[in-house]
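**Q** The structure that follows is given in the form of structure tokens.
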Amino acid sequence: MPAPTLLMVMLAAVFHATWNLAAKAKRGEAYVFVWWYALLTGVVMVPLGAAEVIRSGGLAHYGAALWWAPAISAALHMGYNLTLQTGYERAPLGTVYPTARGTGPVITMLVAILLLGERPGWLAVGGALLIVTGIVVAAAPTTRLTVPAAGHDVAHHGRQARRRLLAGLGWGSATGLFIAGYTLWDDHSVTALGQLPISYFAMSSVYQAILMTCGMNRGRWAQAGTTLRRNVWPIAAITVLSPAAYVLVLIAMQTQPVSLVAPLRETSIVIGTLLAWLVFKESAPVQRLLGALVVVGGVALIGL
């Protein structure tokens with residue numbers, strides 16, 4: 001993989017981990033929170049997409065796929081955002097994030113190789129598998145349970161910890177399915193369908209905002225103002241960093257096999273799991289660091 005493309009995907013990983021930290025810090029109702037950043041992302045992306053359309057010679061360059069392909073992407077991304085946010089409400093970041101980011105590339109890589117006919121070199125495949133191994137190490141449940149305060153039922157505390165772990169694995173895996181779905185579809189859109197990354201993602205963002213607005217019932221509208229006031233900075237961070245991260249990935253997928261780009265972008269797990277420890281005081285920093293080092297080894301192989 002060329003060095004500029006490698007750096008592009010690595011920068012996307014940093015952006016991705018940072019906006020997920022903002023999502024975990026959310027306060028209030030999950031759907032309204034996601035609606036706000038979906039709406040504002042659409043507002044930000046429309047002029048950028050329009051500029052790309054004009055620069056590329058007008059709408060005739062895109063064909064009908066500009067209107068229908070982003071709609072499929074929007075549905076998959078909306079499912080991803082809502083599933084991820086629900087997971088963050090019910091389980092630690094250090095469980096949900098690595099599980100989601102680990103499940104996604106495994107499915108994506110297998111589908112790309114087995115069904116789409118992609119044939120990356122063996123060294124690159126080894127690097128991708130090493131990245132996945134590091135993700136599994138970082139995401140593996142820890143055996144140590146936090147000792148409950150005096151007077152608390154130890155057995156009850158253990159059951160709660162196990163429920164949160166299972167919830168994190170479950171919601172993380174469900175999120176990973178959406179990741180695989182939108183990664184494969186968006187790769188198809190920017191390669192086989194010839195869509196340009198910024199305008200394609202702009203249309204997807206508009207469709208996401210429309211779909212999310214359709215789900216805003218009376219109770220959610222009543223919470224809209226409060227949710228925005230309580231989450232100004234998380235919403236602003238996601239509005240900027242989420243599209244920036246994914247547009248960089250779409251650009252990379254135009255020239256590199258998705259079976260390599262998908263695992264490489266999951267180096268965000270290194271940052272995400274360490275932030276979970278530093279910011280949210282989640283456990284097992286040594287285990288997370290070990291997984292991160294394995295991931296870095298995989299990145300080095302892909303970059304050769």
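**Q** Does the range 39-48 contain at least one residue that is surrounded by 16 or more Cβ atoms within 10 Å (Cβ to Cβ) and more than 15 Å from V247 (Cβ to Cβ)?
**A** yes
**Q** Here is a further query. Pairs, please: C-beta under 7 Å, at least 6 apart or cross-chain, first residue part of a loop (DSSP other than H, G, I, E, B) and in the range 23-35, second aromatic (F, W, Y)?
**A** What qualifies is K26/F33.
**Q** Here's another thing I want to ask about it. From the list L115, L84, which one is under 16 Å from G181 (Cβ atoms) and surrounded by fewer than 17 Cβ atoms within 10 Å (Cβ to Cβ)? Outline the logic, then answer.
**A** On the way: L84 fails: surrounded by fewer than 17 Cβ atoms within 10 Å (Cβ to Cβ).
None of the other options fit; the residue is L115.
**Q** Now, a different point. Looking at this structure, is L248 free of Cβ contacts under 8 Å to residues at least 40 places away in the same chain and either of a type in the set (D, E, K, R) or closer than 18 Å to V14 by Cα (or both)?
**A** Values: free of Cβ contacts under 8 Å to residues at least 40 places away in the same chain: no; either of a type in the set (D, E, K, R) or closer than 18 Å to V14 by Cα (or both): yes.
For L248, the condition - free of Cβ contacts under 8 Å to residues at least 40 places away in the same chain and either of a type in the set (D, E, K, R) or closer than 18 Å to V14 by Cα (or both) - is not met.
**Q** Within the range 22-44, work out how many residues are in contact with a Pro (Cβ under 6 Å, 6 or more places away or on another chain) and within 18 Å of A74 (Cβ to Cβ). Reasoning before the result, please.
**A** Of the range 22-44, the ones in contact with a Pro (Cβ under 6 Å, 6 or more places away or on another chain) are 22, 25-26, 41.
Next cut, within 18 Å of A74 (Cβ to Cβ) only: 41.
Of the residues in the range 22-44, 1 are in contact with a Pro (Cβ under 6 Å, 6 or more places away or on another chain) and within 18 Å of A74 (Cβ to Cβ).
**Q** Has the range 166-175 got at least one residue that is modelled with pLDDT under 85, surrounded by fewer than 17 Cβ atoms within 10 Å (Cβ to Cβ), at negative phi and touching a helix residue (DSSP H, G or I) at 6+ places or on another chain (Cβ under 7 Å)?
**A** At the first step, the residues of the range 166-175 found to be modelled with pLDDT under 85 are 166-169.
Among the residues that remain, those that are also surrounded by fewer than 17 Cβ atoms within 10 Å (Cβ to Cβ) are: 166.
Narrowing further to those that are at negative phi: 166.
If we keep only those that are touching a helix residue (DSSP H, G or I) at 6+ places or on another chain (Cβ under 7 Å) as well, we get none.
No, that holds for no residue.
**Q** Within the range 259-270, does at least one residue satisfy the condition of being surrounded by fewer than 24 Cβ atoms within 10 Å (Cβ to Cβ), at pLDDT 70 or above and not hydroxyl-bearing (S, T, Y)?
**A** Within the range 259-270, not a single residue is surrounded by fewer than 24 Cβ atoms within 10 Å (Cβ to Cβ), at pLDDT 70 or above and not hydroxyl-bearing (S, T, Y).
**Q** Still on this structure, I have one more. Scan the range 52-68 for residues that are modelled with pLDDT of 90 or more and more than 13 Å from F201 (Cβ to Cβ) and report the count.
**A** Result for the range 52-68: 5.
For every residue, the table says whether it meets (1) crowded, with 21+ Cβ neighbours inside 10 Å; (2) touching a residue at least 24 places away in the same chain (Cβ under 8 Å); (3) not hydrophobic (A, V, I, L, M, F, W, C).
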| site | (1), (2), (3) |
| --- | --- |
| E52 | no, yes, yes |
| A75 | no, yes, no |
| V96 | yes, yes, no |
| T99 | yes, yes, yes |
| L110 | no, no, no |
| T133 | no, yes, yes |
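**Q** Residues in the range 270-283: is at least one without any contact (Cβ under 8 Å) to a residue 12 or more places away in the chain, of a type in the set (V, I, T) and part of a helix (DSSP H, G or I)?
**A** Residues of the range 270-283 that are without any contact (Cβ under 8 Å) to a residue 12 or more places away in the chain, as a first pass: 278, 281.
Restricting the remaining residues to those that are of a type in the set (V, I, T) gives none.
There is no residue in the range 270-283 that is without any contact (Cβ under 8 Å) to a residue 12 or more places away in the chain, of a type in the set (V, I, T) and part of a helix (DSSP H, G or I).
**Q** Is at least one residue of the range 178-198 under 21 Å from V44 (Cβ atoms), hydroxyl-bearing (S, T, Y) and either at pLDDT 95 or above or surrounded by fewer than 22 Cβ atoms within 10 Å (Cβ to Cβ) (or both)? Full working, then the answer.
**A** Residues of the range 178-198 under 21 Å from V44 (Cβ atoms): 182, 186, 189-190, 195-198.
With hydroxyl-bearing (S, T, Y) added as a condition, the list becomes 182, 189.
Imposing the further condition that a residue be either at pLDDT 95 or above or surrounded by fewer than 22 Cβ atoms within 10 Å (Cβ to Cβ) (or both) reduces the set to none.
No, the range 178-198 contains no residue that is under 21 Å from V44 (Cβ atoms), hydroxyl-bearing (S, T, Y) and either at pLDDT 95 or above or surrounded by fewer than 22 Cβ atoms within 10 Å (Cβ to Cβ) (or both).
**Q** Which pairs have Cβ atoms under 8 Å, sit 6 or more apart or on different chains, and link a residue in the range 180-199 that is in contact (Cβ under 8 Å) with a residue 24 or more places away in the chain and more than 24 Å from G102 (Cα to Cα) to one that is surrounded by 21 or more Cβ atoms within 10 Å (Cβ to Cβ) and among the small types (G, A, S)?
**A** Listed pairs, sorted by first residue: L193/A69; Q195/A69; Q195/S189; I198/G49; S199/G49.
**Q** Sort through A292, A236 and tell me the only one that's within 27 Å of P92 (Cα to Cα), modelled with pLDDT of 95 or more and hydrophobic (A, V, I, L, M, F, W, C). Give the steps one after another, and end with the answer.
**A** Details: A292 fails: modelled with pLDDT of 95 or more.
Sole residue among the options that is within 27 Å of P92 (Cα to Cα), modelled with pLDDT of 95 or more and hydrophobic (A, V, I, L, M, F, W, C): A236.
The values are calculated or read from the model by the stated rules, or taken from the named source; none is laboratory data. Because the structure is a prediction, the values reported are computed rather than measured. Ideal geometry is used to build each Cβ from the backbone, glycine not excepted, and the neighbour counts take in all protein chains shown.
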